[in-house]
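Q: Supplied in structure tokens, the structure appears directly below.
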Amino acid sequence: MKRKGIFLAMIVGLVLLVGCQNRNNQYEQSMHKAKEAIIEKKFDQAEDFVALAIESKEADTLAKNYQVQLKAYQEGLKLKKAKKLDEAKAKFTEVTKVKVGSEKLVEYAKKELADLTKETEKDSKNKKENKKKEETKLWTKEQSAKLADFMASWGQTMDQEYQAYNPQKNVDLYGIQLPQGVLDGQMGMGVDGEKVTIEWSEDGSGSADYQLVEVYSDADTQPYLKKHVYFFAFKNGEGRVYVTQQNQGNPENVLYFKETENQALKTGFANLLSQQKKNNSEATKESSTTKTSLRERLNGTYYNESTNEAVFSIDDSFYRDIQSEKDYPIDQVTINDQVTITWDIEKFEEKYGPRSAGPGPQPFIYKVKSTSDEIVLEDMMGQTLIKK
């Protein structure tokens, strides 16, 4: 009887051993297939194989980490496609933070982060350039409104009534529709006896000889031979007021203008332009001063708002990761709606050894939440960092 019990125990043990070996084999095969699928970028298949691996070894950390990385990486791709770049960066960063997992997914995620950084920097550069263009316009909607007020007032002093015109709303000056008649070449335009090119411009910029920004005329209310049309235009960035009272055609088929001799009108327009130049100068100076001030104020140590643990510090030369105790030589710091810190890989590896930078250099990127009383940043994981 005792022998029979021992025999049964041996059989049960053998069955368990075979079952365990089978599960191990299934786990190894599933993980191998998952890795192949990741290399081929068949992420849905990879997820299925990882799920089979977890069924074979429920307590396995590696397979579960693969599962976390695959989910975060695919979510990152969807967010990138939806142009939700900050959220996409957070997901790709999640992939890279997994300590024991798929190195290939980490490689993919770092490449996506680098691409997103370039795209973000490009967008920031475009926004910066557009803002600069806006700040340095020769002519603005605000000036246009002020000119309308001035023309109403000036017209009263001249006992004339002026209306504004544009390519969509033309005034009839002895049979020619202005300004469209000269803009489309129905008649040429001449200034001081010379034929010139002209174009309509919303901001005073352009490539023709003259950029026409405003047109005013009293032609609808003045009698024959007393009608005026004024062109407010720029040439080489300088604004002038030109007038015509031409009432008949000529062999050249040119409508001739000359600079107005009315000093009040010239001065009124010049004052508007002078104020805009002042605004442009102040805006450029303020922008430069703000960025310099922000860069200086950025220096210091930043703490996690939730845990109060020091995360990183920055000075004029180095970004220091507190946890790893490594100093990253700063190459450039870009500040707009986010802070982007790029670093010098050669100097870093001179200090810490060859390949110590990994596949880098990946920039450090933080969203700017506040720059008022204290600088508050947010990392790609959504954690708030406060400078103390």
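Q: Select from the range 300-317 the residues that are exposed (fewer than 15 other Cβ atoms within 10 Å of the Cβ) and either of a type in the set (Phe, Trp, Tyr) or without any contact (Cβ under 8 Å) to a residue 60 or more places away in the chain (or both) and list them in ascending order.
A: Listed by number, the residues that qualify are Thr307, Asn308, Glu309, Asp315, Asp316, Ser317.
Q: With the condition kept exactly as written, say whether any residue in the range 359-366 is under 25 Å from Ala90 (Cβ atoms), β-branched (Val, Ile, Thr) and not in a loop (DSSP other than H, G, I, E, B). So that I can check it myself, show each step before the final result.
A: Start the filter on the range 359-366 by keeping residues that are under 25 Å from Ala90 (Cβ atoms), which leaves 359-366.
Filter again for β-branched (Val, Ile, Thr), leaving 365.
If we keep only those that are not in a loop (DSSP other than H, G, I, E, B) too, we end up with 365.
So far as the range 359-366 goes, yes, one or more of its residues are under 25 Å from Ala90 (Cβ atoms), β-branched (Val, Ile, Thr) and not in a loop (DSSP other than H, G, I, E, B).
Q: If you check Ala109 against the conditions, is it assigned to a helix (DSSP H, G or I) and modelled with pLDDT of 90 or more? Talk me through it step by step, then tell me what you get.
A: Details: assigned to a helix (DSSP H, G or I): yes; modelled with pLDDT of 90 or more: yes.
Criteria met by Ala109.
Q: Go through the range 241-273 residue by residue and tally those that are in contact (Cβ under 8 Å) with a residue 24 or more places away in the chain, outside any loop (DSSP other than H, G, I, E, B) and not hydrophobic (A, V, I, L, M, F, W, C).
A: Count: 7.
Q: Let me ask you something else. Can you tell which of Ala208, Ala233, Ala264 is within 19 Å of Asp159 (Cα to Cα), in the same structural domain as Leu147 (by the TED database) and aliphatic (A, V, I, L, M)?
A: Working: Ala208 fails: within 19 Å of Asp159 (Cα to Cα); Ala233 fails: within 19 Å of Asp159 (Cα to Cα).
Answer to the selection: Ala264.
Q: May I pose another question? Got a sec? Which of Lys351, Lys291, Lys347 is among the basic types (Lys, Arg), at pLDDT below 85 and in a helix (DSSP H, G or I)? Even if it seems obvious, please write down each step before you answer.
A: Numbers: Lys351 fails: at pLDDT below 85; Lys347 fails: at pLDDT below 85.
Step by step, each of Lys351, Lys291, Lys347 is checked, and only Lys291 is among the basic types (Lys, Arg), at pLDDT below 85 and in a helix (DSSP H, G or I).
Q: Take the range 367-387 and flag every residue that is outside any strand (DSSP E or B) and closer than 29 Å to Ala72 by Cα.
A: Hits for the range 367-387 are Asp379, Met380, Met381, Gly382, Gln383.
Q: Follow-up. Looking at the range 182-229 only, could you name the residues that are within 43 Å of the chain's Cα centre (by Cα), β-branched (Val, Ile, Thr) and assigned to a loop (DSSP other than H, G, I, E, B)?
A: Within the range 182-229, Thr197 is the sole residue that qualifies.
The values are calculated or read from the model by the stated rules, or taken from the named source; none is laboratory data. In this text the structure is predicted, and so the values were computed from the model without any measurement. Virtual Cβ from ideal backbone geometry, glycine too; neighbours counted across all protein chains shown.
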